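The values are calculated or read from the model by the stated rules, or taken from the named source; none is laboratory data. Just so we're clear, the structure is a prediction, and the values are computed from it rather than from any experiment. Counting neighbours? That spans all protein chains shown, and the Cβs are built from the backbone with ideal geometry, glycine included. Just so you know, the surface numbers come from the protein's heavy atoms only, side chains and all, with ligands and any DNA or RNA stripped out. Shrake-Rupley method; radii C 1.70, N 1.55, O 1.52, S 1.80 Å.
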Amino acid sequence: MASFARLAGRVVAGAGVLALSPVLGLATLAGMAMVGAQPTAFAVTGLAVFASVFFLGLLLVVPRPRAAWGRWLRAVVILGVEATVVWQVTVATLRPAPSHAPLAPVAGQREWRLQTGSKLAYVRLAPKRVTRPDPVVFLHGGPGVADLAASSAFFGKLTADGYQVYVYDQIGAGRSARLRDPRGYGLTRDVADLEAIRQAVGAGRLNLIAQDYGAQLAVAYLAAHPDRVAKAVLSSPAGLSQGSPTASVLASPSEPSQGSSSATFPASPTEPSREAPAWEPQGREADGKVEVAAVFGRDGTPDPRLLAVSTLLRVDPRAAHAFAGDRELDAYLDLVRQGAPHPCPAAATGSGGYVGLTGRAAPGSLRLRLTGVMSPVLIVKGQCDEQSWASAIGFRQALPSARLAYLGGGTYRSEAYLGLLRAFLSGRPVPAYEGQVPPPGYRGPV
(Lines give C-alpha, C1' and ligand atoms only; values in the text may rest on other atoms or scores of the structure.)
Protein backbone atom coordinates (compact mmCIF):
# COMPACT_ATOMS: atom_id res chain seq x y z
CA MET A 1 0.00 0.00 0.00
CA ALA A 2 2.83 2.38 0.87
CA SER A 3 4.54 1.73 -2.47
CA PHE A 4 1.26 2.39 -4.29
CA ALA A 5 0.86 5.71 -2.45
CA ARG A 6 4.39 6.72 -3.40
CA LEU A 7 3.73 5.78 -7.02
CA ALA A 8 0.45 7.74 -7.06
CA GLY A 9 2.17 10.75 -5.50
CA ARG A 10 4.92 10.59 -8.10
CA VAL A 11 2.40 10.44 -10.94
CA VAL A 12 0.44 13.39 -9.54
CA ALA A 13 3.63 15.40 -9.12
CA GLY A 14 4.69 14.53 -12.66
CA ALA A 15 1.31 15.56 -14.06
CA GLY A 16 1.66 18.87 -12.24
CA VAL A 17 5.10 19.45 -13.75
CA LEU A 18 3.76 18.60 -17.22
CA ALA A 19 0.95 21.11 -16.79
CA LEU A 20 3.46 23.69 -15.57
CA SER A 21 5.80 23.30 -18.53
CA PRO A 22 3.90 25.57 -20.99
CA VAL A 23 3.43 28.17 -18.26
CA LEU A 24 7.15 28.29 -17.52
CA GLY A 25 7.92 28.32 -21.25
CA LEU A 26 5.65 31.32 -21.80
CA ALA A 27 7.05 33.06 -18.71
CA THR A 28 10.58 32.61 -20.07
CA LEU A 29 9.52 33.89 -23.47
CA ALA A 30 7.98 36.98 -21.84
CA GLY A 31 11.01 37.58 -19.64
CA MET A 32 13.41 37.38 -22.56
CA ALA A 33 11.24 39.76 -24.57
CA MET A 34 11.21 42.25 -21.68
CA VAL A 35 15.02 42.41 -21.62
CA GLY A 36 15.10 43.17 -25.33
CA ALA A 37 15.87 39.80 -26.90
CA GLN A 38 15.11 39.31 -30.59
CA PRO A 39 12.10 37.17 -31.62
CA THR A 40 14.21 34.14 -32.52
CA ALA A 41 16.09 34.31 -29.23
CA PHE A 42 13.07 34.64 -26.93
CA ALA A 43 11.08 32.03 -28.86
CA VAL A 44 13.88 29.43 -28.82
CA THR A 45 14.65 30.06 -25.14
CA GLY A 46 11.00 29.69 -24.18
CA LEU A 47 10.73 26.46 -26.15
CA ALA A 48 13.92 25.12 -24.52
CA VAL A 49 12.52 25.75 -21.04
CA PHE A 50 9.23 24.12 -22.03
CA ALA A 51 11.06 21.07 -23.39
CA SER A 52 13.23 20.71 -20.28
CA VAL A 53 10.35 20.95 -17.82
CA PHE A 54 8.17 18.68 -19.94
CA PHE A 55 10.96 16.08 -19.97
CA LEU A 56 11.21 16.27 -16.16
CA GLY A 57 7.46 15.72 -15.91
CA LEU A 58 7.67 12.62 -18.10
CA LEU A 59 10.45 11.20 -15.90
CA LEU A 60 8.22 11.62 -12.85
CA VAL A 61 5.06 10.25 -14.47
CA VAL A 62 6.67 7.09 -15.89
CA PRO A 63 8.17 5.01 -13.02
CA ARG A 64 11.62 3.45 -13.39
CA PRO A 65 11.35 -0.36 -13.74
CA ARG A 66 13.81 -2.66 -12.01
CA ALA A 67 14.49 -4.85 -15.04
CA ALA A 68 17.10 -3.61 -17.49
CA TRP A 69 14.87 -4.17 -20.51
CA GLY A 70 12.10 -2.17 -18.78
CA ARG A 71 14.43 0.76 -18.20
CA TRP A 72 15.39 0.72 -21.89
CA LEU A 73 11.71 0.64 -22.87
CA ARG A 74 10.98 3.51 -20.49
CA ALA A 75 13.76 5.57 -22.05
CA VAL A 76 12.45 4.92 -25.56
CA VAL A 77 8.88 5.86 -24.58
CA ILE A 78 9.93 9.05 -22.78
CA LEU A 79 12.22 10.18 -25.56
CA GLY A 80 9.61 9.38 -28.22
CA VAL A 81 6.87 11.31 -26.44
CA GLU A 82 9.24 14.19 -25.70
CA ALA A 83 10.41 14.43 -29.30
CA THR A 84 6.90 14.22 -30.72
CA VAL A 85 5.38 16.85 -28.41
CA VAL A 86 8.30 19.27 -28.54
CA TRP A 87 8.50 19.01 -32.34
CA GLN A 88 4.78 19.72 -32.75
CA VAL A 89 4.83 22.64 -30.31
CA THR A 90 7.96 24.09 -31.89
CA VAL A 91 6.54 23.92 -35.40
CA ALA A 92 3.21 25.40 -34.26
CA THR A 93 5.00 28.22 -32.42
CA LEU A 94 7.60 29.19 -35.02
CA ARG A 95 5.67 28.64 -38.25
CA PRO A 96 3.70 31.78 -39.23
CA ALA A 97 0.04 31.23 -39.95
CA PRO A 98 -1.23 31.87 -43.49
CA SER A 99 -1.43 35.60 -44.09
CA HIS A 100 -3.42 37.97 -46.27
CA ALA A 101 -2.17 39.35 -49.53
CA PRO A 102 -2.43 43.15 -49.61
CA LEU A 103 -6.01 44.25 -50.14
CA ALA A 104 -6.74 45.49 -53.65
CA PRO A 105 -7.76 49.16 -53.92
CA VAL A 106 -11.47 49.88 -54.21
CA ALA A 107 -13.00 52.20 -56.78
CA GLY A 108 -12.21 55.80 -55.99
CA GLN A 109 -9.75 54.98 -53.19
CA ARG A 110 -7.40 57.75 -52.09
CA GLU A 111 -5.05 58.28 -49.15
CA TRP A 112 -4.87 60.90 -46.43
CA ARG A 113 -1.44 61.63 -44.98
CA LEU A 114 -2.50 63.35 -41.79
CA GLN A 115 -0.55 65.59 -39.46
CA THR A 116 -0.93 62.90 -36.79
CA GLY A 117 1.31 60.66 -38.90
CA SER A 118 -1.54 58.35 -39.93
CA LYS A 119 -1.94 57.19 -43.52
CA LEU A 120 -5.59 56.40 -44.07
CA ALA A 121 -7.36 54.94 -47.08
CA TYR A 122 -10.60 56.71 -47.94
CA VAL A 123 -13.22 57.21 -50.60
CA ARG A 124 -14.81 60.60 -51.30
CA LEU A 125 -18.22 60.70 -52.92
CA ALA A 126 -19.60 64.02 -54.05
CA PRO A 127 -22.78 65.23 -55.74
CA LYS A 128 -22.70 67.26 -58.94
CA ARG A 129 -23.50 70.28 -56.80
CA VAL A 130 -22.75 70.42 -53.08
CA THR A 131 -25.72 71.98 -51.33
CA ARG A 132 -24.97 70.87 -47.78
CA PRO A 133 -21.95 72.57 -46.15
CA ASP A 134 -21.30 69.88 -43.53
CA PRO A 135 -19.94 66.65 -45.08
CA VAL A 136 -20.90 63.18 -43.88
CA VAL A 137 -18.14 60.99 -42.41
CA PHE A 138 -18.76 57.30 -41.71
CA LEU A 139 -16.98 55.67 -38.74
CA HIS A 140 -16.79 51.88 -38.99
CA GLY A 141 -16.82 49.49 -36.06
CA GLY A 142 -14.66 46.80 -34.57
CA PRO A 143 -12.11 48.21 -33.92
CA GLY A 144 -10.65 46.85 -37.13
CA VAL A 145 -13.89 45.79 -38.84
CA ALA A 146 -13.88 47.78 -42.06
CA ASP A 147 -15.50 47.34 -45.47
CA LEU A 148 -14.51 50.32 -47.57
CA ALA A 149 -16.21 49.13 -50.76
CA ALA A 150 -19.61 48.24 -49.29
CA SER A 151 -19.73 51.21 -46.93
CA SER A 152 -18.88 53.74 -49.62
CA ALA A 153 -21.44 52.21 -51.97
CA PHE A 154 -24.21 52.48 -49.37
CA PHE A 155 -23.48 55.82 -47.72
CA GLY A 156 -22.63 57.33 -51.08
CA LYS A 157 -26.39 57.40 -51.69
CA LEU A 158 -26.51 60.44 -49.40
CA THR A 159 -24.88 62.45 -52.19
CA ALA A 160 -28.35 62.59 -53.74
CA ASP A 161 -29.25 64.98 -50.90
CA GLY A 162 -26.32 67.27 -51.66
CA TYR A 163 -23.78 65.94 -49.15
CA GLN A 164 -20.14 65.18 -49.69
CA VAL A 165 -19.55 61.73 -48.13
CA TYR A 166 -16.25 60.41 -46.79
CA VAL A 167 -15.75 56.75 -45.87
CA TYR A 168 -12.37 55.74 -44.48
CA ASP A 169 -10.55 52.86 -42.81
CA GLN A 170 -9.29 53.80 -39.37
CA ILE A 171 -5.59 53.44 -38.59
CA GLY A 172 -4.61 49.77 -38.35
CA ALA A 173 -7.67 48.53 -40.25
CA GLY A 174 -8.58 47.61 -43.80
CA ARG A 175 -6.47 49.38 -46.40
CA SER A 176 -5.00 51.98 -44.04
CA ALA A 177 -1.46 51.87 -42.68
CA ARG A 178 -0.42 49.82 -39.66
CA LEU A 179 1.70 50.97 -36.72
CA ARG A 180 4.92 49.20 -35.80
CA ASP A 181 4.08 49.64 -32.11
CA PRO A 182 0.58 48.36 -31.24
CA ARG A 183 0.56 50.63 -28.20
CA GLY A 184 -0.05 53.52 -30.59
CA TYR A 185 -3.59 52.32 -31.30
CA GLY A 186 -6.43 53.61 -29.20
CA LEU A 187 -9.32 55.98 -28.80
CA THR A 188 -7.09 59.03 -28.35
CA ARG A 189 -5.32 58.33 -31.66
CA ASP A 190 -8.62 57.80 -33.45
CA VAL A 191 -10.03 61.08 -32.14
CA ALA A 192 -6.88 62.93 -33.23
CA ASP A 193 -7.13 61.36 -36.70
CA LEU A 194 -10.78 62.38 -37.05
CA GLU A 195 -9.97 65.99 -36.16
CA ALA A 196 -7.12 65.93 -38.66
CA ILE A 197 -9.56 64.61 -41.28
CA ARG A 198 -11.91 67.53 -40.60
CA GLN A 199 -9.07 69.94 -41.17
CA ALA A 200 -7.91 68.08 -44.29
CA VAL A 201 -11.32 68.31 -45.96
CA GLY A 202 -11.70 71.96 -44.95
CA ALA A 203 -14.99 71.51 -43.09
CA GLY A 204 -16.09 73.64 -40.18
CA ARG A 205 -18.32 70.84 -38.89
CA LEU A 206 -18.96 67.19 -39.66
CA ASN A 207 -22.02 64.98 -39.78
CA LEU A 208 -20.93 61.70 -38.20
CA ILE A 209 -22.55 58.34 -38.96
CA ALA A 210 -21.06 55.70 -36.67
CA GLN A 211 -21.57 52.01 -36.15
CA ASP A 212 -20.51 49.66 -33.33
CA TYR A 213 -17.15 50.87 -31.95
CA GLY A 214 -17.48 53.86 -34.24
CA ALA A 215 -20.10 55.17 -31.79
CA GLN A 216 -17.46 55.29 -29.05
CA LEU A 217 -15.22 57.23 -31.38
CA ALA A 218 -18.05 59.59 -32.32
CA VAL A 219 -18.95 60.49 -28.73
CA ALA A 220 -15.29 60.81 -27.74
CA TYR A 221 -14.89 63.27 -30.63
CA LEU A 222 -18.05 65.05 -29.51
CA ALA A 223 -16.60 65.43 -26.02
CA ALA A 224 -13.28 66.73 -27.35
CA HIS A 225 -14.70 68.97 -30.12
CA PRO A 226 -18.40 69.64 -29.38
CA ASP A 227 -18.52 72.61 -31.76
CA ARG A 228 -17.18 70.54 -34.68
CA VAL A 229 -20.14 68.15 -35.01
CA ALA A 230 -23.35 69.22 -36.74
CA LYS A 231 -25.22 65.94 -36.15
CA ALA A 232 -24.31 62.40 -35.16
CA VAL A 233 -25.96 59.04 -35.81
CA LEU A 234 -24.95 56.14 -33.56
CA SER A 235 -26.06 52.84 -35.12
CA SER A 236 -25.90 49.67 -33.02
CA PRO A 237 -23.55 51.45 -30.59
CA ALA A 238 -21.04 49.51 -28.53
CA GLY A 239 -20.99 50.37 -24.82
CA LEU A 240 -19.33 53.55 -23.61
CA SER A 241 -16.63 51.49 -21.87
CA GLN A 242 -14.99 48.56 -23.68
CA GLY A 243 -11.79 48.45 -21.67
CA SER A 244 -10.18 45.35 -20.26
CA PRO A 245 -9.64 44.56 -16.55
CA THR A 246 -5.97 44.19 -17.44
CA ALA A 247 -5.86 47.41 -19.40
CA SER A 248 -3.51 49.10 -16.95
CA VAL A 249 -0.77 46.68 -17.99
CA LEU A 250 0.17 48.72 -21.06
CA ALA A 251 0.94 52.35 -21.65
CA SER A 252 -0.24 54.16 -24.76
CA PRO A 253 2.45 56.26 -26.40
CA SER A 254 1.97 57.51 -29.91
CA GLU A 255 3.72 55.76 -32.75
CA PRO A 256 7.18 57.37 -32.70
CA SER A 257 7.97 56.85 -36.35
CA GLN A 258 4.74 58.24 -37.72
CA GLY A 259 4.09 61.29 -35.59
CA SER A 260 2.19 61.81 -32.41
CA SER A 261 -1.44 62.55 -31.70
CA SER A 262 -1.81 66.19 -30.78
CA ALA A 263 -5.54 66.08 -30.11
CA THR A 264 -6.84 64.26 -27.09
CA PHE A 265 -9.77 64.33 -24.69
CA PRO A 266 -10.29 67.56 -22.81
CA ALA A 267 -8.23 67.62 -19.65
CA SER A 268 -10.04 67.15 -16.38
CA PRO A 269 -8.66 68.57 -13.11
CA THR A 270 -9.66 65.45 -11.26
CA GLU A 271 -9.12 62.77 -13.89
CA PRO A 272 -6.37 63.16 -16.48
CA SER A 273 -6.88 61.82 -19.97
CA ARG A 274 -5.54 58.30 -20.29
CA GLU A 275 -5.84 55.27 -22.45
CA ALA A 276 -4.69 51.73 -21.90
CA PRO A 277 -4.80 49.16 -24.68
CA ALA A 278 -4.66 45.51 -23.74
CA TRP A 279 -4.97 42.12 -25.39
CA GLU A 280 -8.72 41.92 -25.66
CA PRO A 281 -10.62 40.70 -28.71
CA GLN A 282 -13.32 43.19 -29.53
CA GLY A 283 -15.70 40.81 -31.31
CA ARG A 284 -18.68 39.99 -29.18
CA GLU A 285 -20.36 37.40 -31.37
CA ALA A 286 -21.62 34.10 -30.06
CA ASP A 287 -21.35 34.81 -26.33
CA GLY A 288 -17.60 35.06 -26.22
CA LYS A 289 -16.67 32.50 -28.89
CA VAL A 290 -14.53 35.08 -30.67
CA GLU A 291 -12.77 35.99 -27.42
CA VAL A 292 -11.87 32.35 -26.79
CA ALA A 293 -10.85 31.71 -30.38
CA ALA A 294 -8.57 34.75 -30.49
CA VAL A 295 -6.28 33.12 -27.89
CA PHE A 296 -6.95 29.40 -28.15
CA GLY A 297 -7.75 28.87 -31.81
CA ARG A 298 -11.00 28.52 -33.71
CA ASP A 299 -11.80 25.10 -32.25
CA GLY A 300 -11.00 26.13 -28.67
CA THR A 301 -7.81 24.03 -28.42
CA PRO A 302 -4.60 25.72 -27.24
CA ASP A 303 -2.66 27.30 -30.08
CA PRO A 304 1.01 27.72 -29.08
CA ARG A 305 1.67 30.61 -31.46
CA LEU A 306 -1.41 32.57 -30.39
CA LEU A 307 -0.62 31.93 -26.72
CA ALA A 308 2.86 33.31 -27.36
CA VAL A 309 1.45 36.39 -29.09
CA SER A 310 -1.07 37.02 -26.30
CA THR A 311 1.67 36.69 -23.67
CA LEU A 312 3.96 39.07 -25.54
CA LEU A 313 1.20 41.64 -25.98
CA ARG A 314 0.84 41.82 -22.22
CA VAL A 315 4.50 42.54 -21.60
CA ASP A 316 5.81 44.16 -24.79
CA PRO A 317 3.46 44.74 -27.74
CA ARG A 318 6.42 45.64 -29.96
CA ALA A 319 7.88 42.18 -29.40
CA ALA A 320 4.51 40.62 -30.28
CA HIS A 321 4.42 42.62 -33.49
CA ALA A 322 7.97 41.56 -34.37
CA PHE A 323 7.08 37.92 -33.69
CA ALA A 324 3.79 37.83 -35.67
CA GLY A 325 3.16 40.52 -38.26
CA ASP A 326 0.06 42.46 -39.21
CA ARG A 327 -0.97 40.35 -42.18
CA GLU A 328 -0.86 37.18 -40.11
CA LEU A 329 -3.04 38.65 -37.37
CA ASP A 330 -5.38 40.23 -39.93
CA ALA A 331 -5.97 36.88 -41.62
CA TYR A 332 -6.45 35.03 -38.37
CA LEU A 333 -9.03 37.40 -36.90
CA ASP A 334 -10.89 37.49 -40.21
CA LEU A 335 -11.20 33.69 -40.03
CA VAL A 336 -12.41 33.93 -36.45
CA ARG A 337 -15.07 36.49 -37.36
CA GLN A 338 -16.23 34.45 -40.34
CA GLY A 339 -16.40 31.26 -38.28
CA ALA A 340 -18.45 32.72 -35.45
CA PRO A 341 -22.24 32.51 -35.88
CA HIS A 342 -24.00 35.85 -36.37
CA PRO A 343 -27.58 36.38 -35.21
CA CYS A 344 -28.09 39.01 -37.90
CA PRO A 345 -27.97 38.51 -41.69
CA ALA A 346 -24.94 40.70 -42.39
CA ALA A 347 -21.77 39.24 -40.86
CA ALA A 348 -18.88 41.52 -39.96
CA THR A 349 -15.88 41.89 -42.22
CA GLY A 350 -12.48 42.88 -40.99
CA SER A 351 -8.77 42.98 -41.82
CA GLY A 352 -7.61 44.70 -38.68
CA GLY A 353 -5.41 42.47 -36.50
CA TYR A 354 -3.53 44.29 -33.75
CA VAL A 355 -5.93 47.21 -33.70
CA GLY A 356 -8.77 44.72 -33.26
CA LEU A 357 -7.07 43.14 -30.25
CA THR A 358 -6.53 46.45 -28.50
CA GLY A 359 -8.99 47.34 -25.75
CA ARG A 360 -10.66 50.75 -25.89
CA ALA A 361 -10.87 52.12 -22.35
CA ALA A 362 -12.50 55.55 -22.55
CA PRO A 363 -11.72 58.06 -19.80
CA GLY A 364 -14.06 57.64 -16.87
CA SER A 365 -15.03 61.31 -17.10
CA LEU A 366 -16.35 60.91 -20.65
CA ARG A 367 -19.96 60.50 -19.51
CA LEU A 368 -19.74 63.71 -17.48
CA ARG A 369 -18.36 65.65 -20.45
CA LEU A 370 -21.14 64.38 -22.70
CA THR A 371 -23.78 66.10 -20.53
CA GLY A 372 -22.75 69.41 -22.11
CA VAL A 373 -23.01 68.20 -25.72
CA MET A 374 -25.88 69.93 -27.51
CA SER A 375 -25.41 68.58 -31.05
CA PRO A 376 -28.43 66.51 -32.18
CA VAL A 377 -27.74 62.78 -31.84
CA LEU A 378 -29.81 59.90 -33.21
CA ILE A 379 -29.30 56.42 -31.76
CA VAL A 380 -30.53 53.62 -34.02
CA LYS A 381 -31.26 50.07 -32.88
CA GLY A 382 -32.29 47.38 -35.31
CA GLN A 383 -34.67 44.51 -34.76
CA CYS A 384 -31.71 42.16 -35.22
CA ASP A 385 -28.73 43.69 -33.46
CA GLU A 386 -25.43 42.31 -32.15
CA GLN A 387 -24.91 45.04 -29.55
CA SER A 388 -26.84 45.12 -26.29
CA TRP A 389 -29.99 47.14 -25.83
CA ALA A 390 -28.51 48.48 -22.59
CA SER A 391 -25.67 50.08 -24.55
CA ALA A 392 -28.11 52.17 -26.56
CA ILE A 393 -29.98 53.21 -23.42
CA GLY A 394 -26.65 54.19 -21.86
CA PHE A 395 -25.89 56.51 -24.77
CA ARG A 396 -29.38 58.02 -24.60
CA GLN A 397 -28.95 58.74 -20.91
CA ALA A 398 -25.47 60.21 -21.36
CA LEU A 399 -26.38 62.55 -24.23
CA PRO A 400 -29.06 65.14 -23.36
CA SER A 401 -29.83 65.84 -27.03
CA ALA A 402 -30.09 62.19 -28.09
CA ARG A 403 -33.16 60.30 -29.20
CA LEU A 404 -33.54 56.60 -29.89
CA ALA A 405 -35.10 55.27 -33.08
CA TYR A 406 -36.08 51.63 -33.56
CA LEU A 407 -35.49 50.14 -36.99
CA GLY A 408 -38.19 47.53 -37.42
CA GLY A 409 -37.35 44.81 -39.93
CA GLY A 410 -34.57 46.62 -41.77
CA THR A 411 -30.81 46.18 -41.54
CA TYR A 412 -28.08 48.81 -41.40
CA ARG A 413 -27.81 48.63 -45.19
CA SER A 414 -31.53 48.84 -45.94
CA GLU A 415 -33.67 51.51 -47.53
CA ALA A 416 -35.50 51.90 -44.21
CA TYR A 417 -32.23 52.77 -42.48
CA LEU A 418 -31.26 55.13 -45.29
CA GLY A 419 -34.61 56.84 -44.89
CA LEU A 420 -33.93 57.41 -41.18
CA LEU A 421 -30.54 58.91 -41.99
CA ARG A 422 -31.97 61.25 -44.62
CA ALA A 423 -34.78 62.42 -42.38
CA PHE A 424 -32.53 63.08 -39.39
CA LEU A 425 -29.77 64.84 -41.34
CA SER A 426 -32.26 67.08 -43.11
CA GLY A 427 -34.06 68.02 -39.90
CA ARG A 428 -37.28 66.17 -40.62
CA PRO A 429 -39.06 64.40 -37.72
CA VAL A 430 -37.86 60.92 -36.81
CA PRO A 431 -40.14 58.67 -34.72
CA ALA A 432 -38.58 58.25 -31.29
CA TYR A 433 -38.72 55.08 -29.21
CA GLU A 434 -39.20 56.16 -25.59
CA GLY A 435 -39.21 52.77 -23.87
CA GLN A 436 -36.47 51.47 -21.62
CA VAL A 437 -36.91 47.82 -22.63
CA PRO A 438 -36.82 46.36 -26.16
CA PRO A 439 -40.07 46.16 -28.11
CA PRO A 440 -41.65 42.80 -28.96
CA GLY A 441 -39.80 41.00 -31.75
CA TYR A 442 -36.36 42.40 -30.88
CA ARG A 443 -33.61 39.84 -31.47
CA GLY A 444 -30.35 40.65 -29.76
CA PRO A 445 -28.65 40.92 -26.38
CA VAL A 446 -30.46 42.93 -23.74
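Observations
- Summary value for segment 350-446: 31 percent relative contact order, contacts being C-alpha pairs under 8 angstrom separated by 6+ residues.
- Remark: segment 165-173, residue by residue, has Karplus-estimated 3J(HN,Hα) of 10, 10, 10, 9, 8, 5, 4, x, 10 Hz, where x stands for each Gly or Pro and the curve is 6.51 cos²θ - 1.76 cosθ + 1.60 at θ = phi - 60°.
- FRET efficiency for GLN397 and VAL91, using Cβ-Cβ distance with R0 set to 60 Å, rounded to 0.05: 0.70
- Taken over segment 112-225, the percentage of Cα pairs per 5 Å bin, counting from 0 up to the bin with the maximum distance, is 2, 12, 24, 26, 21, 10, 3, 1, 0.
- Estimated FRET transfer efficiency when R0 is 30 angstrom, pair SER414-ARG110 (beta carbons, to 0.05): 0.60
- Global geometry of segment 28-182, whether rounded, prolate or oblate, following the gyration tensor of its Cα atoms and the 1.5 cut on a/c: prolate
- Spin-label model distance (nm) - VAL446 vs ARG10, 7 Å beyond Cα toward Cβ: 5.8 nm
- When each of LYS128/LYS381; LYS119/LYS381; LYS128/LYS157 is checked by Cα-Cα distance, pairs over 24 Å: LYS128/LYS381; LYS119/LYS381
- Accessible solvent surface per residue of segment 51-131, calculated while the other protein chains remain in place, 1.4 angstrom probe, Å²: 67 Å²
- Rounded to 0.05, the FRET efficiency of the VAL23 and ASP161 pair, given R0 = 51 Å and the Cβ-Cβ distance, is 0.30.
- Backbone phi angles across segment 429-444, fed through the Karplus curve with coefficients 6.51, -1.76 and 1.60 (θ = phi - 60°), yield HN-Hα couplings of x, 10, x, 9, 9, 8, x, 8, 10, x, x, x, x, 5, 10, x Hz in residue order; Gly and Pro are listed as x.
- Taking the average, over residues, of other Cβ atoms within 10 Å as the packing measure, peptides 428-439, 142-153 rank 142-153, 428-439 from highest down.
- Order by protection proxy (mean Cβ within 10 Å, highest first), peptides 63-74, 10-21: 10-21, 63-74
- Per atom type, segment 1-143 shows carbon and sulfur on 68% of its accessible surface, probed at 1.4 Å.
- In sequence order, segment 116-127 has phi-based couplings of 6, x, 7, 10, 10, 7, 8, 10, 10, 10, 9, x Hz under the Karplus curve 6.51 cos²θ - 1.76 cosθ + 1.60, θ = phi - 60°, and Gly or Pro positions carry x.
- Ranked by the mean number of other Cβ atoms within 10 Å of their residues, highest first, the peptides 93-105, 396-408, 208-220 come out as 208-220, 396-408, 93-105.
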